[in-house]
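Structure first, then comments.
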Amino acid sequence: MSDGQFKFPEWQAPLQELILEPDREKFLEKKQQVERLIFERRQQLLSDGNDPFEYSALNDAMVILRVIKERERTASGDTK
């Protein structure tokens with residue numbers, strides 16, 4: 001999916017890149033970047049006015065990040 005196919009490419013495109021990143025070191029860097037982008041965008045929406053569609057999409061992205069983190073913990077043997 002190209003940037004033109006995203007409704008919110010400023011954070012959806014980096015999220016997709018994260019999901020598809022095979023290099024572990026680059027993956028960790030991208031994960032931090034995506035987390036920051038999503039957090040900052042949610043803060044903007046809260047202060048500037050809530051776009052319910054984008055806010056819902058951001059919440060979905062946060063679920064995806066939680067799944068990614070859980071997979072990382074499982075893969076590393078940390079079951080906390």
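The values are calculated or read from the model by the stated rules, or taken from the named source; none is laboratory data. Given the structure is predicted, the values throughout are model-derived calculations rather than measurements. We place every Cβ from the backbone using ideal geometry, glycine too, and count neighbours over all the protein chains shown.
Evaluate the following for T74: is it at pLDDT below 90 and in a loop (DSSP other than H, G, I, E, B)?
Considered against the rule, which asks whether it is at pLDDT below 90 and in a loop (DSSP other than H, G, I, E, B), T74 comes out as no.
In region 1-57, what residues are surrounded by 12 or more Cβ atoms within 10 Å (Cβ to Cβ) and small (G, A, S)?
A13, A57
Given the options L46, L37, L58, name the one that is part of a helix (DSSP H, G or I) and in contact (Cβ under 8 Å) with a residue 40 or more places away in the chain.
Only one candidate passes the filter, namely L58.
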